[in-house]
Amino acid sequence: MITLTNADKAQILEKKSLLLNILDVDGVPLPIVSKEMWNKIYNFQAKSDDLILATYPKSGTTWMQEILDMIQNDGDVAKCKRANSLERHPFLEISFPHKEKYGVDIAIEMPSPQILKTHLPSHLIPPSIWKQKCKVIYVARNAKDCLVSYYHFHRMTSLLPDPQSWEEFLIVFLTPAVAYGSWYDHVKGWWDAKDKHHILYVFYEDIKKNPKCTIHKVLEFLEKTLPEESINKIVYHTSFDVMKENPMANQTSLPSYIYDDTISKFLRKGMPADWKNHFTVTMNEKFDEHYKKKMAGTTLTFCTEI
Ligand code: A3P
């Protein structure tokens, strides 16, 4: 637990308000401090061996990150515990108040080959990523569980505004007035992008159902092979129960003024269908109606339980 002085608190509040100063980029609310910073992010020069992990928030980014790190390190658990997951792979467009550097600056300095995380929608990705033909892994999670997870994340982090009540947050999510904007636009945008670029599109629910099968798909996409023993190790090390106890993955090493896990854990439930514990029958009917309209015409489908 970190004890804060009043000066520290004032500084955090100042930084928090900067983060809450969401920048509208092409109609998408992004948690970026300034237009200048956005220009730097958008003009980031990717290298061809950069591997991009893209997600809408709360879709299993940290989970896939751990899987990719284990793959990149041939299943060596000790190597994957070298640092907190936030330190191991830069978050392109995000800054943390306890860190001096912005994600993009860390990415610029990171030795190759690096894994770069982002929540950016496909149309706002730095063009150099496409130009360099970087491989991208996109993880999508069903909207209802994503929404529930995002709600609890807003409760526990000072990086995002107070979600108010669950009922109010549901409206904010559908408006959409949350950071990174519409879940619908995000998942559909990346779904369409996969036909034009080097993208592996995977689903959170599929990883949960059969992690080994997803790991094999990722290996194939990365043109890498690993012995069965290493794959089994990856399945075990990246399971929810093991990651939850791993301080390098469960985000408990972050100061509690950023992630307060006495309010809600970062690795919270780790299960599809937790939405059933949050939605009333009426909420669910309204949500389904909205969903049907928004998803009309796409071939993209989701499982909301397994
Ligand atoms: P819940 O809040 O539903 O538990 P992100 O990393 O994109 O922020 O996503 C966080 C969500 O992924 C949280 O969902 C978290 O528990 C879940 N998650 C992280 N690691 C996981 C794992 N190994 N297995 C299942 N879910 C995991």
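Proximity of backbone amide H atoms, modeled 1.01 Å from N, is registered between residue 138 and 54, 200, 201, 202 at under 5 Å, excluding neighbours fewer than 5 places apart on the same chain. Were the residues from residue 284 through residue 209 laid out at 0.36 nm apart, the gain over their Cα-Cα distance would be 24.6 nm. For region 192-306, the carbon plus sulfur part of the accessible surface works out to 53%, probe radius 1.4 Å. Of all lysines in the structure, those lying under 20 Å Cα to Cα from residue 269, and not within fewer than 8 positions of it along the same chain, are 58, 144, 208, 209, 244.
Give me the percent relative contact order of region 155-298, please, defined on Cα pairs under 8 angstrom at least 6 residues apart. Walk me through the numbers on the way to the answer.
On the way: 65 pairs, mean separation 43.1, N = 144.
Contact order relative to length: 30 percent.
Across region 97-183, Cα-Cα pairs more than 16 Å apart make up 65 percent of the total. Here's the picture: charge each Lys and Arg Cβ at +1 and each Asp and Glu Cβ at -1 in the chain, and of 71, 227, 91 the one pushed furthest to the positive end of that dipole is 227. Of 156, 37, 243, the residue with the greatest mean-square motion in the GNM of the chain, using alpha carbon springs below 10 Å, is 37. Placing +1 on the Cβ of every Lys and Arg and -1 on the Cβ of every Asp and Glu, with no other charges, gives region 183-266 a dipole of roughly 100 debye about its Cα centre. Rg to Rh for region 251-306: what is it, with Cα atoms only and Rh by Kirkwood? Here the Rg-to-Rh quotient is 1.13. Calculate the spin-label point distance for residue 167 paired with residue 201, positioning each point 7 Å from the Cα along the beta-carbon direction, and give it in nanometres. Output for this residue pair reads 3.6 nm. The GNM of the chain, with springs linking C-alpha atoms under 10 angstrom apart, assigns the highest mean-square fluctuation among 82, 155, 141 to 82.
Of the residues 262, 44, 31, the one whose Cα sits farthest towards the positive end of the charge dipole of the chain is 44 (charges of +1 on Lys and Arg Cβ, -1 on Asp and Glu Cβ, taken about the Cα centre). Residues in region 145-151 carry Karplus couplings, in order, of 6, 4, 4, 4, 5, 5, 4 Hz; the curve used is 6.51 cos²θ - 1.76 cosθ + 1.60 with θ = phi - 60°, and Gly or Pro positions show x.
Let me spell out the model: positive unit charges on the Cβ of Lys and Arg, negative unit charges on the Cβ of Asp and Glu, origin at the Cα centre of the chain. What dipole size does that give, in debye rounded to 20?
200
Taking a Cβ cut-off of under 15 Å around residue 132, the surrounding Lys, Arg, Asp and Glu residues balance to a net charge of +3, with basic ones at +1 and acidic ones at -1. Rounded to whole Å, the principal axis extents of the Cα atoms in the chain read 48, 48, 38, largest first. The length gained on full extension between residue 192 and residue 131, counted as 0.36 nm times the residue separation minus their Cα-Cα distance, comes to 20.2 nm.
If R0 is taken as 30 Å, the Cβ-Cβ distance between residue 98 and residue 39 corresponds to a FRET efficiency of 0.75.
Close amide-amide hydrogen proximity is noted between residue 30 and 23, 24, 25, 180, each under 5 Å apart and 5 or more residues distant or on a separate chain (H modeled in the peptide plane; Pro and chain starts excluded).
Size of the dipole of region 237-306 about the Cα centre, Lys and Arg at +1 and Asp and Glu at -1 on the beta carbon, nothing else charged, in debye to 20? Spell out each step's value before the answer.
Values: 9 positive and 9 negative charges, 47 e Å.
Charge dipole of region 237-306: 220 debye, to the nearest 20.
Calculated from the alpha-carbon coordinates, region 175-306 shows an Rg and a Dmax of 17.8, 49 Å respectively. Backbone geometry of region 61-71 corresponds, through the Karplus equation with coefficients 6.51, -1.76 and 1.60 at θ = phi - 60°, to 3J(HN,Hα) couplings of 4, 5, 5, 5, 4, 5, 4, 5, 5, 5, 5 Hz, x marking Gly and Pro.
The values are calculated or read from the model by the stated rules, or taken from the named source; none is laboratory data. Since this is a predicted model, take the numbers as computed values, not measurements. For neighbour counting, all protein chains shown are included, and Cβ atoms are generated from backbone atoms with ideal geometry for every residue, glycine included. Just so you know, the surface numbers come from the protein's heavy atoms only, side chains and all, with ligands and any DNA or RNA stripped out. Shrake-Rupley method; radii C 1.70, N 1.55, O 1.52, S 1.80 Å.
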